[in-house]
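Taking it in order: structure first as structure tokens, then the write-up.
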Amino acid sequence: MKRSETQELVAGESLIEPRLIKAHIAAAVFWLIYLIVGGGLLVAIKFTWPNFLGNIPELTWGRLRFVHTQTVAYGWFVDIFLAAIYYMVPRLTRVKLASPTLAWFNFYFYNTMVAMGVFQLMEGHNLGVVWMEYPSFINILMLISYAALAYNFFASYLRSQERNLYVSSWYMMSFVIWATLNWIMGGLVPAYIAPGIASAVVGGLFIHDLVGLVVTPLATAMIYYFLPVMLRRPIYSHSLSLMGFWSLAFFYPLVGIHHYYYSPIPMWAQYIAQGTSFMLFFTVYTVLYNVYKTMKGRWGDLADNIALRWLIGGTVFYLMVCTQGPLQALLVEQPLIHFTDWVIGHSHMALLGFGTFVAMGFIHYAWPRLTGNELNKSLSEWSFWLAFVGCAWMFIDLWIAGLLEGYYWGYGKPWMDSIVRLQPYWLSRTLSGVMVLTGFILVAINLIVTARAKQPATDSPAVLAGAR
Amino acid sequence: MDAHKLGIERAVFIMLVAGIGFFLLAFIGLGLTPWFNINHELKGHKKTQHVPLLTPLQLKGRQIYIANGCYYCHSQFVRPVADDPLRFGAVSKAWEYKHQYPNLLSTRRKGPDLTRESLDHPADWEYVHLYDPRMIAPWSIMPAYHWMFDGSPGKPNKQGRALVAYLGTLGQARKREMLAKGTLKKVFVQGIGTVLHYPYKGGRLMSPGYDHVVYFHKAPRIADTRSARARGKHLYAMDCASCHGATGNGRGVAAQYLTPRPVRLNAFRFRASFVYKVLYYGRPGSAMPSWVRAADAFLTPRDLWSVAYYVQTLHRHATVPPTAHAPIAKTAALVKLGGAQFATNCATCHGPKGEGNGVLATALTPAPVDLAMMNPSARWVYHTINHGRTGTAMPSFSTLPRKVRWAISYFVETLAKKPKDIQSAAAAPGKTVRIARLTAAQSSAHN
């Protein structure tokens, strides 16, 4: 991206649909807080007090856990990704959205589906495929949403006069295809077509494709878009961008079986998954080298620019989670850490640390420009640090707990010993979750306060400063 | 730019190759190929005949298992690594999962793996545990499923029955296959019953890649020390008290829902080696699991001995049953009469020396108890003769004359084998005095 293009991306306010983007951000933040309060927090409390709210079937551990995981993926992430797509694509293609009406319909339709999914799960209607727990009728109806998104998305690119596709566009294009294919594969194959262990084979692919081909591409697209825009400087290396993208596209779909190491899945497939998982080092380090080289000499910006700080915070977690990932996907590690809280710590760092922080960077960058008002600085600071420290606390806590758990099992301790031993760690995890939640509630308050502030949008100093 | 000429930055190329191409490549290479690989291996595989088709009730149970997220915390595959095979039984094979849509392998273990669950626990145990897991295991963090019952663990509603019916199928296919193949054998153990002899070979578990096996069979016996009893007391409180009661009176919170009722431990003066044996094998036909193999148990030999020594001390809590307050005085003639009557009424099941090896013993589940090793006090024998044991083959003999009943009770006391436990424990240097003191305290409590 040339310097002049960076300027144009900042300027393209007239192309986007601000109300649509604001609606998606609001819905996403709502789901984020809902999934922490109504899912994660209750579930975490039940580790310490298993009888808490225990007599209501809808509020038992097993059902709320689905609400937590499904709402993370399909409530919070997909909503914020749609917002990001509606924000980035018109600027990258220089054309307006083909059908804002369809996009608005999709907003209401999709969020209704997510709400219905929460309700269905709490009522005990569950497909039983890990990360694909919505009952099938919701899965089928959601395909309408994917079609609506694909129509608007590809129409933009077809009508575009832009000859060069920017890096973010590669990721977003693949995202739209991958998300749809993965959705069909996960909803259809393990539950209806593939029997027994074959169902686990495809289920494993689905689980990791959800992380690697849905969350990661869009988060990476956001990094590639918003980092140059925030810094007003082009990305360090185009070749590295290419290498990062193509290695992700090739290796990520091949790693899923590492979720079922040492299961009756043929061992050769597990060995391949181990190799491809290890290759993710290459993907991630390429992308992050590119990112940090772009940051060179501008680390001082983190002090003032809260959006940049969320974004870079996300990349730090990305670096950590993807250093951990290929290493823990080695078969030698698996006897110890598989099935334990270590993996929970790892997956939280991927989705809560990496994905959510990057998305927060987008929100904090876009919201002042969409509303024409500046964010409250003190609230921004508090929300970032509460979330950041809370996250770090949670991850470390879960890793220690996971190792303890693994050693307790491995040394042949009675099962209950591991439960008793981990109690303090689970309590500590709940507290760290409260801290993270507080941070995100402050984000929500900040967004509301900013949106409601009565300042004329056009001559606001924030907008002028932002557009400079 | 060169890259552009190659097309790798063109939309169509990206969408076709990265978007669709690589996704399909992965689906074919690591989805379809292993899938067909498995299908090919299972084609004409005779073992799959052992996999049962679930009944409608069991299928409904599987749905409830899914709906309530049981599969999040309970995995269903035993890996050939770590502690898995010792804890959860034979390593999982692909054919066992035939007919499963979707699989319930899971990626998480907060509770034990349930692949072989039905071999560990009978239905009545499952009901109590499901109603409130903390009635069985005080530290359990599993949710209580009250709504699957009409008010008590003894009254499961359709959901509860369906779920437990499903749990009853877990592990059955592999059990049948191994029995047919001969790698699993049914063996009658005196005083215990017909147990499944698990796939150990020469004390070694037959699982590939698993070498550091704990030798339960040959595990050395530990001494009866104060620290062993303290460990035993801790484990008893954690694992045993919920059924057998804190004082061993057989009245734990879960007891009333189990058939047969948990044994009143304090009525017996056990041989420690016998307690070890029961802990090791469990008692088939009752809710007593094997504490070595049951997924949630997994005590070490050291732990088993510790519990055994602690259980021996429970006799100090012994009470007198209400029916046996006025015994007929014990005389040599009475004991002799008891011997003759025992041979007539009891020996067919309990064996001539009360060792639980009568001619009918192998046919009974639960098997007759080994009176010589359990060494019950005469008053409790009298109580049991009067009332029988619900859920077992032991009937009430209240029609026998009172004198005969007391005679048999006194005779049973004489069947006890001489306790060598104390001698062997005392052999450990420096422990003699303490053991002697404990024994004295025990006997004074008994008197």
10 Å Cβ neighbours from other chains, averaged over peptide B:8-16: 5
Positive dipole terminus of chain A, leading residue within A:Phe362, A:Phe77, A:Gly40 (C-beta point charges): A:Phe362
10 Å Cβ neighbours from other chains, averaged over peptide A:53-65: 5
The protein assembly as shown pair-distance distribution - Cα-Cα, 10 Å bins, rounded %: 2, 11, 19, 21, 16, 11, 8, 6, 3, 2, 0, 0
Value of relative contact order over region B:322-414, rounded to a whole percent, pairs C-alpha under 8 Å and six or more apart: 35
For region A:138-154 versus region B:367-410, the gap between their alpha-carbon centres in whole angstrom: 74
Tail fraction, Cα-Cα pairs, chain B, threshold 37 Å, whole percent: 37
Given charges at Cβ of Lys, Arg, Asp, Glu: the protein assembly as shown dipole, positive-most of B:Ala254, B:Gln100, B:Pro401: B:Pro401
Proxy reagent accessibility, fewest Cβ within 10 Å first, across A:Phe137, A:Phe388: A:Phe137, A:Phe388
Residue-count net charge about A:Val118 - beta-carbon cut-off 15 Å; Lys, Arg +1, Asp, Glu -1: -2
Average beta carbon contacts from partner chains per residue of A:328-341, 10 Å cutoff: 3
Dipole magnitude of region A:3-467, debye to nearest 20 (Cβ charges: Lys/Arg +1, Asp/Glu -1, about Cα centre): 780
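Roughly how big is region A:206-350's charge dipole about its Cα centre, with Cβ charges of +1 (Lys, Arg) and -1 (Asp, Glu), in debye to the nearest 20?
So the dipole magnitude of region A:206-350 works out to roughly 560 debye.
Roughly what % of DSSP beta bridges within the protein assembly as shown run antiparallel, to the nearest 5?
90
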Three-way shape call for region A:138-180 based on the alpha-carbon gyration tensor, with the a/c threshold at 1.5: oblate
Projected label distance in nm at A:Trp268 and A:Phe105, using a 7 Å step from Cα toward the beta-carbon: 4.8
Test item: Cα-centred dipole of region B:56-205, Lys/Arg +1 and Asp/Glu -1 on Cβ, debye: 500
Backbone N within region B:95-120 under 20 Å of label point (7 Å from B:Val187 Cα along the Cβ vector): B:119-120
Signed unit charges on C-beta, dipole axis of chain B, positive-most listed residue B:Leu337, B:Thr319, B:Ser290: B:Leu337
Residues A:Met142, A:Met88, sorted so that the one with the fewest Cβ neighbours within 10 Å comes first: A:Met142, A:Met88
Over chain B, relative contact order from alpha-carbon pairs under 8 Å, at least 6 apart, %: 14
Residues B:Thr365 and A:Tyr407, FRET efficiency given R0 of 35 Å [Cβ-Cβ distance, rounded to 0.05]: 0.35
Filter on A:Lys22/A:Lys454; B:Lys98/B:Lys175; B:Lys233/B:Lys417; B:Lys47/B:Lys98 - keep pairs with C-alpha separation over 19 Å: B:Lys233/B:Lys417
Ranking of A:Lys413, B:Lys158 by count of other Cβ atoms within 10 Å, fewest first: B:Lys158, A:Lys413
Relative contact order of region B:56-205, pairs being alpha-carbon contacts under 8 Å that are 6 or more residues apart, as %: 26
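Here, each number is a calculation from the coordinates, and none is a lab measurement. For clarity, every value in this text was computed on a predicted model and none was experimentally measured. Because the Cβ atoms are built from the backbone with ideal geometry, glycine has one as well, and the counts that use them run over all protein chains shown.
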